[in-house]
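Let me begin by presenting the structure, written as structure tokens, before commenting on it.
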Amino acid sequence: MSSFEDADTEETLTCLQMTVYHPGHQRNGIFQSKGFFTREKLPSSEVVKFGRNSICQYTFQDKQASRVQFSLHIFKKFNSSVLSFEIKNMSKKTSLIVDNQELGYLNKMDLPPKCMVKFGDYQFLIEKEDGESLEFFEIQFILSTRSLLQENNWLPHKPIPECGNYLFCSTQSNSPMEMGENEC
């Protein structure tokens, strides 16, 4: 047997590619703590936190961000051979919007293979590339200088209310209303 046949095959790693945008990055360096374009390898047992606190693996240099803004939890679905991700809003003051689904404090959902995540002026286009390894995954950050919503023609399915929060704005009901015979 040759050494080539004896060599362990290296498993490919699941990669989350996160394209990030904030209008104040150019002047304030909000994403300065991130290594752009390089893939960072992390253990799949780790909960990945994003926010302005030093306990977060990825920090924002912005007082508008919560100490811990959101977290990613890695898991494997039943009868699946690949890693999946769950996103959880950790902010008490700001809702997290994932593809037009609003997550309040401690709300969580499965992260779709491609989605837009927003809070405040922050925009993240997250794309998952499946790999074989269950032990590790990678995160790669890409900085965008233009709004991801405009760049990707990402239009909201429902209008964003003026107050910026779906939960706290009163909206007109879409349910049927009962009317009397003489009302039209």
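Readers should treat all values here as calculations from the given coordinates under stated rules, not as data from a laboratory. Predicted model only: the values in this text are computed from it and were never measured.
One compactness figure for segment 35-104 is 1.23, namely its Cα radius of gyration divided by 2.2 N^0.38 Å. Hydrodynamic estimate: the Kirkwood radius of segment 25-74 over Cα pairs, inserted into Stokes-Einstein at 25 °C and 0.890 mPa s, corresponds to D of 210 µm²/s. Taken over segment 71-112, the alpha-carbon convex hull comes to 60 cubic angstrom per residue.
Cross-link pairs exceeding 21 Å in C-alpha to C-alpha distance, out of Lys41/Lys93; Lys88/Lys118; Lys88/Lys128; Lys76/Lys118; Lys108/Lys128; Lys63/Lys114, comprise Lys41/Lys93; Lys76/Lys118; Lys63/Lys114.
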